[in-house]
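Bear in mind these aren't lab numbers, they're just calculated from the coordinates by the rules spelled out. Quantities reported herein were computed from a predicted structural model and do not represent experimental measurements. Positions of Cβ are backbone-derived with ideal geometry, glycine not excepted, and every protein chain shown enters the neighbour counts.
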Amino acid sequence: MSLKGKVILLTGGTGSFGEKFTEIVLKEHDPKAIRIFSRGELLQMQMAQRFNHDLRLRFFIGDVRDKERLHLAMNGVDIVVHAAALKQIPACEYNPFEAIQTNVMGAKNVIDAAMSRGVAKVMAISTDKAVNPVNLYGATKLCAEKLLVQGNSYTGDSGPLFGCVRYGNVIESRGSVFEVFKQQRENGKITVTDKRMTRFWLTIEQGVRFASVALKG
C-alpha cells in the first residue's frame, strides 16, 4: 500500500521508532497527515519543534489503554502503525499488571478501534524478545502478536489487514543496552550476561525502512 496521500495514526509516536518513521515518511512518501498518538505533552511539543511545525503532523494526547480516545483518533485514518508499549524489561517485571494493560489490552483496543473505524491496514511493532519469551515483556508482546494476527479472522475481506514486524537490537534507540555498552567502553570492560548470547544490530533508520517495506507490501 502506498503511503502517499494517506492519513496515518502512529501510536507511541514520540518514541525512537516514531520520530524516525515520521522523518522518513514525511520526507519520502508525502502522506496527507501523520497523527502522533502518545501520552507525553512535552515530547510532543519537542517533536513539533523538530519538524518545524509541519502542517501534516497532528498531535493527540492519549493512551492505548483508552479505547474511546483511540476510536476518536482513528476517525478518517487509512493506516495505523502501533508502536506504543512498555518496553523496559525490569520495569515490566516489577509492574506486571501495567505491562499487561499497555502491551496486551492496549493492542486489543487498537484492534477494536481499527475495526470499528474501517481502517485499511494496521501494523504493530513487536520485538525479537517475543521469540520463546523468558520475561514478561516478551510474553506480552507475543500475546499482542497473536491478537493482531488473529484479528484477520474477524475482519475477513472487509476490514483491516493486521500484521506485525519484529524489532531487534536497535543502535541508539531510547533505552537501548547499546548506550550501556558505550559507557562501559570508557572503563575498558563490557559486561555480558551470558557468553552464549549472540546479537545482531541495526540502526533506527534500517529498522524503520524494513517496517516501511512491510507496511507497503
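Please report, in debye to the nearest 20, how large the charge dipole of the chain is about its Cα centre when each Lys and Arg carries +1 at its beta carbon and each Asp and Glu carries -1 there. For this selection, approximately 280 debye.
Nearest 10 degrees is fine. How inclined is helix 204-216 to the longest principal axis of the chain, computing both from alpha carbons? Long axis of 204-216 versus the principal axis of the chain: about 30 degrees. With N the number of residues in the chain, Rg(Cα) / (2.2 N^0.38 Å) evaluates to 1.02. Positive end of the dipole of region 65-212 (Cβ unit charges, origin at the Cα centre): among 142, 177, 155, the Cα lying farthest that way belongs to 177. Each part reduced to its alpha carbon centroid, region 1-71 and region 100-115 end up 18 Å apart.
Residues with beta-carbon under 14 Å from that of residue 160, excluding residue 160: net charge, scoring Lys, Arg +1 and Asp, Glu -1? Intermediate values should be presented prior to the final figure.
Working: positive: 6, 108, 117, 121; negative: 78, 112, 157.
Cβ neighbours under 14 Å give a net charge of +1.
Close amide-amide hydrogen proximity is noted between residue 127 and 167, each under 5 Å apart and 5 or more residues distant or on a separate chain (H modeled in the peptide plane; Pro and chain starts excluded). Its relative contact order, with pairs defined as Cα atoms under 8 Å and 6+ residues apart, puts region 1-148 at 23 percent.
Annotation: amide H of residue 60 within the under-5 Å range of 36, 37, 38, sequence separation 5 or more or interchain, hydrogens built in the peptide plane. The three principal axes of the C-alpha atoms in region 19-115 carry coordinate ranges of 39, 30, 21 Å, sorted with the longest axis first.
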